[in-house]
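Below: the structure, in structure tokens.
The values are calculated or read from the model by the stated rules, or taken from the named source; none is laboratory data. From a predicted model like this one, the values you see are computed outputs, not experimental measurements. All Cβ positions, glycine included, derive from the backbone under ideal geometry; neighbour counts span all protein chains shown.
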Amino acid sequence: MPDGYDEVFAEPGRPREHAVALAAALAELGPDALSNAGRMRDSIFMQQGITFDAGGPDADGPVRDRPFPLDLIPRIIPAAEWTDIKRGLAQRIRALNAFVDDVYHAREIVHAGIVPWELIVSRSAFARAAHGIRPPGGVYCHVSGCDLVRDADGSWKVLEDNVRTPSGISYVLENRVAMTRVLPGLFSSYRVRPVDHYPALLRGALTEVAPTTADEDATVVVWTPGPFNSAYFEHAFLARQMGVELVEASDLVVRDATCYIRTTNGLQRVHAIYRRIDDAFMDPLEFRPDSLLGVPGLMRAYRAGTVAIVNAVGTGVADDKAVYPHVPEMIRFYLNEEPILQNVQTYLMADADERHAALARLGELVVKPVDESGGKGVFIGPTASDQQIAIQADEIRRRPERWIAQELVRLSTCPTASPEGELVARHVDLRPFAVFGEDIHIVPGGLTRVALREGSMIVNSSQGGGSKDTWVLEDDAGETTRAAAPAAAWSPPELPGLRQGGEWSGQQQQQQQT
């Protein structure tokens with residue numbers, strides 16, 4: 001057993017109550033069948049273009065695509081546990097949405113002395129062009145993906161908030177389809193909540209915030225930077241699933257503060273744009289003048305209230321890593337509630353006292369740059385050499401405003417299938433997705449990312465990570481049919497390939513995943 005929280009086994013040989021049927025089914029399946037299922041999965045993904053770039057600047061040889069790595073052992077979340085997660089996420093998203101509105105209008109949280117204005121205005125995602133603009137419906141964070149981790153004691157914590165253009169939902173949907181095709185038998189003992197309604201939720205939210213008159217239907221589009229973007233598969237997938245046009249900048253034009261799409265029949269008004277492009281590139285007249293990806297005049301239409309942009313311009317100020325430590329206070333300030341989900345303990349290096357304390361124990365902490373994502377620039381104290389610690393300390397002293405430090409989180413593990421069909425423990429995180437229109441709807445489960453390399457905490461696919469299908473159960477009573485006896489008294493058959501002891505434990509590095 002790992003030195004931490006394992007999501008399937010409460011202790012060696014004893015699955016948790018919700019995982020008894022899964023453990024038995026995997027034992028029945030055996031490594032050969034699991035390995036064969038993996039080859040079938042790869043074939044399906046390659047045929048459907050569900051791939052990612054396995055090359056890169058440091059790769060040897062030509063760039064090539066490979067199947068997106070879906071691990072075939074699902075992650076199971078009991079209903080009661082999901083209820084707490086869902087409530088906590090909805091609470092957090094409401095507070096973040098209120099914060100964005102406040103930043104660009106009254107700034108009450110600044111006047112109350114809770115979040116310093118100097119911190120907000122210095123963020124790279126702060127959009128001066130959004131000042132005074134209130135989007136249709138007052139919704140800014142239409143699509144959110146908050147990253148969660150489970151600590152060593154089993155508690156859920158929010159690692160970071162993503163309210164700009166969070167990606168990954170397409171893999172949630174495709175993973176579920178693949179699992180039902182490749183290993184349908186694993187579902188037989190569980191009532192798993194569906195996820196395939198997400199495109200309808202997103203289309204509904206876009207329609208709800210679209211500024212239409214009573215007698216007109218909303219025209220919705222998905223705006224992509226183009227086929228060379230790393231998430232282009234998801235852009236095309238969502239447009240197809242929602243039944244709307246996938247557009248690039250050349251397809252859109254602004255006339256008289258109104259946005260239109262060019263069609264073979266002339267210009268057609270666009271009411272809502274699901275944009276998968278950063279603020280800086282959206283409108284060369286107001287942001288980067290050298291942007292060839294933007295639509296000139298789009299901000300003029302947005303300011304006039306004739307088009308909804310999802311997510312709203314300027315939302316990135318709410319998910320900056322230096323703003324993240326203030327989210328619990330935002331919840332108290334805007335909602336008058338106590339946070340349901342806790343933050344990871346975080347220290348701002350721009351604060352002299354917190355910086356001094358962190359530098360004294362830098363070898364115990366994780367340090368992140370506030371303006372990077374995808375794990376770039378992350379420093380992990382426990383795995384660093386004395387020289388690396390000294391270099392990082394100098395970087396913090398030189399530009400303290402660029403860094404935060406966090407306590408280490410011992411990420412939970414889940415059984416994961418090796419290429420040979422053996423079961424090994426690997427570390428996981430979770431990105432649930434929420435859609436905010438007239439109300440907040442959270443898709444049951446989300447994208448479980450898994451570090452496929454032994455001992456690794458890096459879940460990014462570009463660095464050897466993959467994903468799992470995440471099962472949220474319908475209820476906690478009678479959710480399994482195989483478990484005839486209480487879990488504590490159940491003695492499982494030998495699980496093929498399940499490596500106990502040292503290999504199962506792996507190396508318990510502790511790292512924050514950005």
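Quick notes
- Restricting attention to segment 415-458, the residues that are on the phi > 0 side of the Ramachandran plot and among the acidic types (Asp, Glu) add up to 0.
- Considering residues of segment 307-329 that are of a type outside the set (A, V, I, L, M) and assigned to a loop (DSSP other than H, G, I, E, B) only, the residue farthest from the chain's Cα centre (by Cα): GLY314
- Selection count where residues are part of a loop (DSSP other than H, G, I, E, B) and of a type in the set (A, V, I, L, M, F, W, C), scope segment 230-259: 3
- Condition check for LEU298: in contact (Cβ under 8 Å) with a residue 60 or more places away in the chain, among the hydrophobic types (A, V, I, L, M, F, W, C) and not assigned by TED's automatic domain parsing to the domain that holds PRO136: no
- Residue selected from segment 358-370 under the condition among the aliphatic types (A, V, I, L, M) and in a loop (DSSP other than H, G, I, E, B), by the criterion surrounded by the most Cβ atoms within 10 Å (Cβ to Cβ): LEU365
- A single entry from THR448, THR416 fulfils the requirement of being in the same structural domain as GLY137 (by TED's automatic domain parsing), modelled with pLDDT of 95 or more and among the polar types (S, T, N, Q): THR448.
- Which numbered condition ALA489 fails, given (1) among the small types (Gly, Ala, Ser); (2) touching a strand residue (DSSP E or B) at 6+ places or on another chain (Cβ under 7 Å); (3) modelled with pLDDT under 70: (2)
- For segment 293-336, filtered to residues that are under 23 Å from LEU119 (Cβ atoms) and hydroxyl-bearing (Ser, Thr, Tyr), the residue that is surrounded by the most Cβ atoms within 10 Å (Cβ to Cβ) is THR315.
- So ARG107, is it of a type outside the set (Gly, Ala, Ser), in contact with a Pro (Cβ under 8 Å, 6 or more places away or on another chain) and within 14 Å of ALA318 (Cα to Cα): no
- Residue in segment 338-348 that is without any contact (Cβ under 8 Å) to a residue 40 or more places away in the chain and under 26 Å from the mean Cα position of the chain (by Cα) present: yes
- ALA80 meets each of the listed conditions (1) out of contact with any helix residue (DSSP H, G or I) (no Cβ under 8 Å at 6 or more places or on another chain); (2) within 30 Å of THR306 (Cα to Cα) apart from (2).
- Residue match in segment 371-386 (condition: touching a residue at least 60 places away in the same chain (Cβ under 8 Å), crowded, with 18+ Cβ neighbours inside 10 Å and of a type in the set (S, T, N, Q)): no
- Exactly one residue out of GLY56, GLY38 is modelled with pLDDT under 90, in a loop (DSSP other than H, G, I, E, B) and not acidic (Asp, Glu): that is GLY56.
- Residues that are assigned to a loop (DSSP other than H, G, I, E, B) and in contact with a helix residue (DSSP H, G or I) (Cβ under 7 Å, 6 or more places away or on another chain) within segment 293-304 comprise LEU293, GLY294, VAL295, listed in sequence order.
- Segment 205-230, subset small (Gly, Ala, Ser) and buried (at least 17 other Cβ atoms within 10 Å of the Cβ), residue nearest to HIS441 (Cα to Cα): ALA205
Table: residues versus (1) among the hydrophobic types (A, V, I, L, M, F, W, C); (2) out of contact with any strand residue (DSSP E or B) (no Cβ under 6 Å at 6 or more places or on another chain); (3) buried (at least 21 other Cβ atoms within 10 Å of the Cβ); (4) on the phi > 0 side of the Ramachandran plot.
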{"site": "ASP84", "(1), (2), (3), (4)": "no, yes, no, no"}
{"site": "ILE93", "(1), (2), (3), (4)": "yes, no, yes, no"}
{"site": "PHE99", "(1), (2), (3), (4)": "yes, yes, yes, no"}
{"site": "VAL103", "(1), (2), (3), (4)": "yes, yes, yes, no"}
{"site": "ILE114", "(1), (2), (3), (4)": "yes, yes, no, no"}
{"site": "ARG123", "(1), (2), (3), (4)": "no, yes, no, no"}
{"site": "HIS131", "(1), (2), (3), (4)": "no, yes, no, no"}
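- When we screen VAL192, VAL149 for residues that are in contact with a Gly (Cβ under 9 Å, 6 or more places away or on another chain), touching a residue at least 24 places away in the same chain (Cβ under 8 Å) and either in the same structural domain as ARG449 (by TED's automatic domain parsing) or buried (at least 16 other Cβ atoms within 10 Å of the Cβ) (or both), the only hit is VAL192.
- In segment 277-292, the residues that are part of a loop (DSSP other than H, G, I, E, B) and buried (at least 23 other Cβ atoms within 10 Å of the Cβ): MET282, ASP283
- Number of residues in segment 181-196 that are assigned to a helix (DSSP H, G or I) and among the charged types (D, E, K, R): the value is 1.
Residue-wise test of (1) within 22 Å of the chain's Cα centre (by Cα); (2) closer than 17 Å to ASP161 by Cα; (3) in a helix (DSSP H, G or I); (4) modelled with pLDDT under 95.
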{"position": "PHE333", "(1), (2), (3), (4)": "no, no, yes, no"}
{"position": "ALA350", "(1), (2), (3), (4)": "no, no, no, yes"}
{"position": "HIS356", "(1), (2), (3), (4)": "no, no, yes, no"}
{"position": "GLU372", "(1), (2), (3), (4)": "yes, yes, no, yes"}
{"position": "LYS376", "(1), (2), (3), (4)": "yes, yes, no, yes"}
{"position": "ILE391", "(1), (2), (3), (4)": "no, no, yes, no"}
{"position": "LEU411", "(1), (2), (3), (4)": "yes, no, no, yes"}
{"position": "GLU420", "(1), (2), (3), (4)": "no, no, no, yes"}
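- Residues satisfying the stated conditions in segment 126-150, i.e. assigned to a helix (DSSP H, G or I) and closer than 17 Å to PHE436 by Cβ: PRO136, GLY137, GLY138
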